[in-house]
2 protein chains.
Amino acid sequence: MNKLLIVGTVAFDAIETPFGKTDKILGGAATYIGLSASFFNLQSAIVSVVGDDFPQEYLDLLTDRNIDISGLEVVKGGKTFFWSGRYHNDLNSRDTLDTQLNVLADFQPKVPENYKNSDVVMLGNLHPLVQSGVLDQMTTKPKLVVLDTMNFWMDCALPELLEVIKRVDVITINDEEARQLSGEYSLVKAAAKIQEMGPKYVVIKKGEHGALLFNKGNVFFAPALPLEEVFDPTGAGDTFAGGFAGFITQSENVSFENMKNAIIYGSNLASFCVEKFGTERMVSLEKDEVVSRLKQFKSLTQFDIEL
Amino acid sequence: MNKLLIVGTVAFDAIETPFGKTDKILGGAATYIGLSASFFNLQSAIVSVVGDDFPQEYLDLLTDRNIDISGLEVVKGGKTFFWSGRYHNDLNSRDTLDTQLNVLADFQPKVPENYKNSDVVMLGNLHPLVQSGVLDQMTTKPKLVVLDTMNFWMDCALPELLEVIKRVDVITINDEEARQLSGEYSLVKAAAKIQEMGPKYVVIKKGEHGALLFNKGNVFFAPALPLEEVFDPTGAGDTFAGGFAGFITQSENVSFENMKNAIIYGSNLASFCVEKFGTERMVSLEKDEVVSRLKQFKSLTQFDIEL
């Protein structure tokens, strides 16, 4: 089985949406990526850090999905990273209410020995120096390195971010972040500029408006599945990235044509994530539900015009 | 050849975008619908009204496209409907600067005798009583009646609008209008409610975010083509509707599967419309450009996951 190395936060989230609010629940980029990638035939490991306030049941939840957590450091006496946010009524935007870095503040990532030759590396949202630090530890060149990031790092660690962006094959960011990073309003122009920064493939996530994949003159689009109700968008972007990276890892094919399929798998898994609070839906999700929804994606997008 | 009857404004527009501004130029829903539908193998006629200030060259432009204008009334001493608007920087929203109804104020539509048995009727944006008045004159039941409307009529002629909506097969409106008409934020729920009002098919236009087609439990999505630059969105929705109705008229097939293709043709034609001011791009457009862009739509959306 191919190996996927996942880097990112493992965290507590407290979420408010128009539909209700949660206490501290399981969250974090690496958590969502790991759960999403677990629907594919692969070996995966998470590199991250938590405090000893992190409950054993959450650790079990990850290992139950066959996610290797030997690279998930538990800091004695430390507190787990905490994020709290409130979504606006349209669920397309949110305010951050609280961020407590805690053990993340001076985290030094350690890649497990047997994952230093991973086939695919998924650098989830974290300080760009941590992302670079993971790449530095790889003993063989991965077939594909995917990076996810956010505007926060563009605001406060841009030089470090640009350095790590140079080293990756695929970048996944949302539309506003693509505009901020490139200085271009048109997403077509933004994607072209970002490709000049290093990544051959640029994935722009537009939330309920789907996702675009750019590579040179080629572009592919995957819609979000139209849902009766979006309950909680938290983690949708990470779940998308995890589905993308997971499918690529399983299929061992890094062609543009295969990335189209990976984008569809990412959109598929993200469409489940938003149906309940936090990781709840991803934890209850079954493989046959994923297959059944892929059929919906096909009928949603496929047409038959003869040319 | 099958017949398409088009109702809607024929107008002067003055447009401001971040890229420049125009004097009074050719505009109007029926104009864009007619130009767009002219790319299909069909006979079409426009029912509308202008003043005698409307230049012969604009009339010639329509007849050059084989559009029958015997139902386009020219009111002696009357002034043509005028609309002026300014787009915001993102081109997704606009302010109306001026609206002069002029000859539209007491327009009584007259359907040409040989179009009273049209196969498809495209009721473009106009007062709902004018739209009803056209349906009243049909001597045979059309295979498909498509209605486009806007929030203006929901605000000031809702009862009349609901009456004509009952009588149509397909309604095309934008996302905000679908929310206003249904009182539902979720577009899936909005489409279900609107289907209860009469139309079996609901098309929700989301501008740069594509278009959705709903029918019972089925849904299809066509993206907008990602463009380097959108120059002027005026008429894009009407061009979309014209492509949709034109393709249905040509193909004589009102199945959901064929409407998927019609939505793609509509998106295709609309993607040209926005490339220049007003009708300029639609007038210069050649059929082989349309075919070539259909190939782009295929590679943009088609994927190959085996299930």
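Readers should treat all values here as calculations from the given coordinates under stated rules, not as data from a laboratory. All of these numbers come straight from a predicted model, not from anything done at the bench. Neighbour counts are summed over all protein chains in view; Cβ atoms, including those assigned to glycine, are modelled from backbone coordinates with ideal geometry.
What residues of region A:1-23 lie in the reach of a label at A:E57, counting those whose backbone N is under 14 Å from a point 7 Å from the Cα along Cα→Cβ? In region A:1-23, the label zone of A:E57 (backbone N under 14 Å from the point 7 Å along Cα→Cβ) covers A:23.
Antiparallel beta bridges, as assigned by DSSP with both residues in chain B, represent about 40 percent of the total such bridges. As a proxy for reagent exposure, B:S271, B:S132 were ordered by neighbouring Cβ count within 10 angstrom, fewest first; the result is B:S132, B:S271.
Where both bridge residues fall in region A:127-231, DSSP classifies roughly 55% of the beta bridges as antiparallel.
Considering lysine pairs in region B:1-153 that are 8 or more places apart or on different chains, how many have Cα atoms under 26 Å apart? Here the count comes out as 14. A cut-off under 15 angstrom between Cβ atoms defines the neighbours of A:D148, and their net charge, with Lys, Arg +1 and Asp, Glu -1, is -2. When the Cα positions of A:I173, A:P142, A:L126 are compared along the charge dipole of region A:109-183, A:P142 comes out farthest toward the positive end, with charges on each C-beta of Lys, Arg, Asp and Glu. Model label points for A:R65 and B:R86, set 7 angstrom from Cα along the Cα-to-Cβ axis, are 5.1 nm apart. Summed over qualifying helices (DSSP H, 4 residues or more, each -39500 (n - 2.57)) and divided by its residue number, chain A shows a 222 nm mean residue ellipticity of -11000 deg cm²/dmol. Extension gain, B:E196 to B:K216, is 6.2 nm, computed as 0.36 nm per intervening residue step minus the present C-alpha separation.
For region A:171-307, relative contact order (Cα pairs under 8 Å, six or more residues apart, normalised by length) works out to 18 percent. Each other residue within a Cβ distance under 11 Å of A:S132 adds +1 if Lys or Arg and -1 if Asp or Glu, for a net charge of -1.
Relative contact order, whole percent, for chain A stands at 17, derived from Cα pairs under 8 Å and 6 or more residues apart. Beyond 22 Å in Cα-Cα separation lie the following of the pairs A:K276/B:K260; A:K295/B:K205; A:K295/B:K298: A:K276/B:K260; A:K295/B:K205.
Rounded to whole numbers, the Karplus 3J(HN,Hα) couplings from phi for region B:80-96 are 5, 3, 10, 10, 9, x, 10, 7, 6, 4, 7, 6, 8, 9, 8, 10, 7 Hz, using 6.51 cos²θ - 1.76 cosθ + 1.60 with θ = phi - 60°, and x at Gly and Pro. Each residue of region A:237-250 was assigned a 3J(HN,Hα) from its phi angle through the Karplus expression (A = 6.51, B = -1.76, C = 1.60, θ = phi - 60°), giving x, 6, 4, 4, 4, x, x, 4, 5, x, 5, 4, 4, 4 Hz with x at Gly and Pro.
Listed by chain and number, the aspartates and glutamates whose alpha-carbon sits under 17 Å from that of B:K189, ignoring those within fewer than 8 places in the same chain, are A:D90, A:E208, A:E228, A:E229, A:E275, B:D175, B:E176, B:E177. Phi-derived couplings, Karplus 6.51 cos²θ - 1.76 cosθ + 1.60 at θ = phi - 60°, listed residue by residue for region B:192-198: 5, 5, 5, 4, 5, 7, x Hz, with x used for Gly and Pro.
As a proxy for reagent exposure, A:T80, B:T99, A:T17 were ordered by neighbouring Cβ count within 10 angstrom, fewest first; the result is B:T99, A:T17, A:T80. The Cα atoms of chain A give a gyration tensor whose axes a ≥ b ≥ c have a/c under 1.5, which makes the shape rounded. Does region B:185-265 come out rounded, prolate or oblate, given a ≥ b ≥ c as the square roots of the eigenvalues of its C-alpha gyration tensor, rounded meaning a/c under 1.5 and, failing that, prolate meaning a/b above b/c? In terms of gyration-tensor shape, oblate. Can you classify region A:247-307 as rounded, prolate or oblate using the Cα gyration tensor, where a ≥ b ≥ c are the square roots of its eigenvalues, rounded means a/c under 1.5, and otherwise it's prolate if a/b beats b/c and oblate if not? It is oblate, given that a/c is not under 1.5 and a/b is not larger than b/c.
The relative contact order of region B:16-166 comes to 18 percent, based on Cα pairs under 8 Å that sit 6 or more residues apart.
In whole Å, what is the distance between the alpha-carbon centres of region B:69-116 and region B:25-63? Result: 11 Å between the Cα centres.
Can you tell me the FRET efficiency between B:A157 and A:L162 if r is taken as the Cβ-Cβ distance and R0 is 56 Å, rounded to the nearest 0.05? It comes to 0.50. Among the residues of A:219-230, the average count of other protein chain beta-carbon atoms within 10 Å of the residue beta-carbon is 6.
Position B:S186: other-copy label points at 3.7 nm, ordered by increasing distance, label point 7 Å along Cα→C-beta.
Summarise the partner chain shielding of B:262-270 as one whole number: the mean count of Cβ atoms from other chains within 10 Å of each residue's Cβ. Whole-number average of other-chain Cβ neighbours for B:262-270 is 1. For peptide A:244-253, the mean count of partner chain Cβ atoms within 10 Å of a residue's Cβ comes to 0. Computed from the C-beta positions of B:V291 and B:F256 and an R0 of 22 Å, the FRET efficiency is 0.40 to the nearest 0.05.
A simple count of charges around A:D53, restricted to other residues whose Cβ falls under 12 Å of its Cβ and scoring Lys, Arg +1 and Asp, Glu -1, yields +2.
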